[in-house]
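Participant: To start, I am sharing the structure in question, which I have written as structure tokens.
The values are calculated or read from the model by the stated rules, or taken from the named source; none is laboratory data. Predicted model, so just to flag it, every value in this text is computed and none were measured. A quick note on method: Cβ atoms are made from the backbone with ideal geometry, for glycine too, and the neighbour counts reach across all protein chains shown.
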Amino acid sequence: MNRKERLRNALQLFGIFLRIGAFTFGGGYAMIPLIEHETAEKRNLIDKQEISDIVAIAESTPGPIAINSATFIGYRSCGVLGSVAATMGVVLPSLIIITLIALFLRQVMDHRIVRYAFLGIRAGVLALITKAVVSFWKRADHGVFGWCIMLGAFLWSAILGWSVIALIALCAAAGCVYCSMMRKRGKMQ
């Protein structure tokens, strides 16, 4: 890829992630369906299975999932220039919006229309997160072990109030032990 193509691709990535960052409320998980649509379905920058891998990597590395995902997709598509462009695209709208909100929040938060707007935004965010869960669910392994991990994590979180970080660490350790046992039995590569 020559310099001109790389610059054009980086600008395209900036535009994609600028739109995603500007029109998605609710954080990184709410952005996942839009990132998948724009990068995998619409433009074939990555394939659908890679989205699951990207989310897993983005969740396990420090930082917001949207920024980590944008950085990874940008790098895969266009190298360092692409990662910088995608990251700046996803960050810039939030930075501008947060700055404006900080300037005007006290004057507008008491308005009924603003409160209702935030109620509507919450409902939309819930729909986007639900879509992400359903999408990942369709691609997930539905074996007995996966069901047990899911049920256990839900119960420990919802009923016992365990820390999400502790649950992630425990589930990761259980997955490593399970895979190790399956390899020893010759049931897994």
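Participant: Looking only at the range 18-55, how many residues end up being assigned to a helix (DSSP H, G or I) and out of contact with any Pro (no Cβ under 6 Å at 6 or more places or on another chain)?
Facilitator: Adding up the residues that qualify gives 26.
Participant: Would you please list the contacts, defined by Cβ atoms under 6 Å and residues six or more apart or on different chains, that run from a residue in the range 137-156 that is in contact (Cβ under 8 Å) with a residue 40 or more places away in the chain and within 14 Å of Ala174 (Cβ to Cβ) to a residue that is exposed (fewer than 13 other Cβ atoms within 10 Å of the Cβ) and among the hydroxyl-bearing types (Ser, Thr, Tyr)?
Facilitator: none
Participant: Considering each of Thr99, Thr61, Thr71 in turn, give the residue that is out of contact with any helix residue (DSSP H, G or I) (no Cβ under 8 Å at 6 or more places or on another chain) and polar (S, T, N, Q).
Facilitator: When all the criteria are applied, what remains is Thr99.
The rows are residues; the columns are (1) under 24 Å from Gln12 (Cα atoms); (2) exposed (fewer than 11 other Cβ atoms within 10 Å of the Cβ); (3) hydrophobic (A, V, I, L, M, F, W, C); (4) in contact with a strand residue (DSSP E or B) (Cβ under 8 Å, 6 or more places away or on another chain).
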| residue | (1), (2), (3), (4) |
| --- | --- |
| Thr24 | yes, no, no, no |
| Ile65 | yes, no, yes, no |
| Asn68 | yes, no, no, no |
| Val90 | yes, no, yes, no |
| Pro93 | yes, no, no, no |
| Ala123 | no, yes, yes, no |
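Participant: Still on this structure, please answer the following. Find the residue count for the range 20-30, including only residues that are modelled with pLDDT under 85 and either in contact with a Cys (Cβ under 7 Å, 6 or more places away or on another chain) or of a type outside the set (Ser, Thr, Tyr) (or both). Break it down into steps so the answer makes sense when it comes.
Facilitator: Just the residues of the range 20-30 that are modelled with pLDDT under 85, to begin with: 23-30.
If we keep only those that are either in contact with a Cys (Cβ under 7 Å, 6 or more places away or on another chain) or of a type outside the set (Ser, Thr, Tyr) (or both) too, we end up with 23, 25-28, 30.
Count: 6.
Participant: Kindly indicate which of Arg76, Arg115 is closer than 19 Å to Ile32 by Cα and of a type in the set (Lys, Arg). Step through it out loud before you land on a result.
Facilitator: Values: Arg115 fails: closer than 19 Å to Ile32 by Cα.
After applying the criteria, what remains is Arg76.
Participant: From the residues in the range 130-181 that are under 21 Å from Gln49 (Cβ atoms), of a type in the set (A, V, I, L, M) and in contact with a Phe, Trp or Tyr (Cβ under 9 Å, 6 or more places away or on another chain), which one is surrounded by the fewest Cβ atoms within 10 Å (Cβ to Cβ)?
Facilitator: Val133
Participant: Please work out which one of (1) of a type outside the set (Lys, Arg); (2) assigned to a helix (DSSP H, G or I); (3) without any contact (Cβ under 8 Å) to a residue 12 or more places away in the chain is the condition Gly63 fails and give its number.
Facilitator: (2)
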